[in-house]
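Notes for the one structure printed next.
The values are calculated or read from the model by the stated rules, or taken from the named source; none is laboratory data. Here the structure is a predicted model, which is why all the values come from computation and not from measurement. With ideal geometry, Cβ positions are generated from the backbone for all residues, glycine too; neighbour counts draw on all protein chains shown. SASA here: full protein model, heavy atoms, side chains in, ligands and nucleic acids out. Shrake-Rupley method; radii C 1.70, N 1.55, O 1.52, S 1.80 Å.
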Amino acid sequence: MGSILIFSLIIGVASALILFPFTQKKPKKKESKEANSNSWLLITVALILTALIFGYFYITNLDRNFTSVWLLALVVTAAGALFATGFERMMKGVLFLASFVFSIYLGTAFLFNADEKYEVANMVQETEIEVFDETKTPASVPPQFARNKMKKAFGQVPNTSYYELGNLQIQKVNNDYVYIAPVEFSGFFKWWNGDSTPGYFTISATDSTDNPRFIKTEMTYTPSSYFGKDLNRHMRTHYPEIIFYGEPQLEIDDEGKPYYIRSYGDFISGRNGFDVKGIVLVEPNSGKTEMYSLDDVPAFIDGAVSPEVVSLHNSYFGNYVHGFWNSKFGKSDVKLPSDEGTEANVSPIFDENGVMYYFTDFTSPKEGVDSMLGYSLTNSRTGKATYYTGNLEESYMDSQGALQIIEKKFIEKKWNGEMPILYNFYGEASWLTPVLDANGFLQNYFIVSAANPEISVYGNTPNEALKQFKTALQRGGGTVDGTSKAEEKQVSGKVVRVYKEKSENVTMIYFLLDNGQNYILSSENAPKAIYLQPEDSVDVTYLDSGEEFLPVKTIAIKGLE
């Protein structure tokens, strides 16, 4: 509170001195009385301006850099020059001119810093992400579904009428992927009577059958508190000049202790653009506040770079490849980030090492085009991003196209997709999308090839859909050479049973060897396999994926070589 008062007093007094005319011509006999009244007027104006500035910065919680009062400086210097006379008018006119030039600089910074924005957001470019390990389960429970389940479990919260569910955040805790949502106050009077919130909810982000658990832990400094207990104001009090971007997010450590974090950084030029530098962390019960650079963020923090920052940088990368004016007119090489993400137009996902990334696909600025130009993954702890072009010989469908296929597939049931994520399943770029009914409840998981939309499947779980997708790829003449990180093995034996299934121009062959293991392959990859019969001796190269039917890469039938 002290820092904002001092800041407001400095700006208020300086503004009053500039506004007040000191060189007005007056009769000599009135000078003493006028000087006395002018002094009181000056003090009054300074106090009024101080109070107004204090109220503005307290309510808006704006950073208290002197550049933040540029508009006030412009108005005050203009009025001061107007009211003054003679040499004083000339001096204040110079101040007005300086304020005017500085205002133009701030107002037009976005026209000239596009190249700097692009450099800040520039990404390493690669062709395709690594193949997804089919033995893993992706964090694919949609946030809307998780939120609905939490709301239905809200009866676990004491004094339920005081509170509401806060923003959902995904995180890795003790090697499990979970959604976390704080319990927040539902209004001013509820905060006045409640003083602190009772805890947060957590639910699995991979198991749709999991039920929410309410964790009791008192939190005093929250986004829904007021006055000095308001989390954003509390952060601003400790760091008055810092530039924040994005909303505060709740993160918990491996012991379940909650912390609020918020990204901070610098303007790129003037008061425009943003480059993230680190986080401010608050322990919500005690109010203890600490600042960390991105290099020093505690290990349990997953979302150090807020999704709002990532979304902003995606916009820089997509729009400003050839500067500002090209983004508005020529639009050469411009690509627009998708708005289908679950958090500020991006979707958080985890790799096999448990590192969180924000996913975004990019499409053409041309209307009516649903082909994807590429996609990006941004590390949520470091902010470093990679842009994947995809196979340039193929045209990939974007996330909006995947959602439209789902909508048409279940048009009678009025089901819709949410949170489409592009994976590399079995060497095929594919969209995995949870499907929800009109009430927001999870119905199934839909997988569709990005390059071949006619290949699509759905299942009750992601892994069930994956198995069906593998079969669909083989039936469609595709390959599963890239399937997960399963070890490649070889086996020789005698065929015990064979089952063949005709699908369009491809035959699927399922067979059982005398070692008791089942195998599957497509005639597209092994044409002579259509002749396979019981009692045949074979040499098989397969992938040990742990599935009931192991995918075969090559097969040699003795006598048919």
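Could you give the angle, 0 to 90 degrees to the nearest 10, between helix 31-60's Cα long axis and the longest principal axis of the Cα atoms of the chain?
Roughly 10 degrees, rounded to the nearest 10.
To the nearest 20 debye, what is the magnitude of the charge dipole of the chain about its Cα centre, counting +1 on the Cβ of each Lys and Arg and -1 on the Cβ of each Asp and Glu? Each step should come with its number before you reach the end.
Values: 49 positive and 67 negative charges, 656 e Å.
Dipole magnitude for the chain comes out near 3140 debye.
With the cut-off at 1.5 for a/c, could you classify segment 142-274 from its C-alpha gyration tensor as rounded, prolate or oblate?
Oblate, because a/c is 1.5 or more while a/b does not exceed b/c.
Where does helix 462-475 land angle-wise versus the long Cα axis of the chain, in degrees 0 to 90, nearest 10?
50 degrees
Residues with beta-carbon under 11 Å from that of ARG236, excluding ARG236: net charge, scoring Lys, Arg +1 and Asp, Glu -1? Mind showing how you got there, number by number?
Values: positive: ARG64, ARG233, ARG262; negative: ASP63, ASP230, GLU241.
Result for the neighbourhood of ARG236: 0.
State which entries of LYS366/LYS413; LYS500/LYS558; LYS409/LYS502 exceed 26 angstrom in Cα-Cα distance in the structure shown.
Result: LYS366/LYS413 exceed 26 Å.
Using a 1.4 angstrom probe on heavy atoms only, work out the carbon and sulfur share of the accessible area of the chain in %.
About 53 percent, which is the carbon plus sulfur part of the accessible surface.
Angle between the Cα long axis of helix 399-409 and the longest principal axis of the chain, 0 to 90 degrees, nearest 10?
Around 60 degrees separate the two axes.
Give me the 1.4 Å probe accessible area per residue for segment 242-337, excluding ligands and nucleic acids, in Å².
Accessible surface, normalised per residue, equals 38 Å².
What is the local net charge at PHE227, summed over the other residues whose Cβ is closer than 15 Å to its Cβ (Lys, Arg +1; Asp, Glu -1)?
Its environment carries a net charge of +2.
Please give every one of the aspartates and glutamates within straight-line cross-link reach of LYS467, meaning a C-alpha to C-alpha distance under 13 Å, and leave out same-chain neighbours fewer than 8 residues apart.
Result set, ordered by chain and number: ASP133, GLU134, GLU547, GLU548.
Per 10 Å bin from zero, what fraction in whole % of the C-alpha pairs of the chain is there, up to the bin with the longest pair?
3, 14, 20, 20, 17, 11, 7, 4, 2, 1, 1, 0, 0
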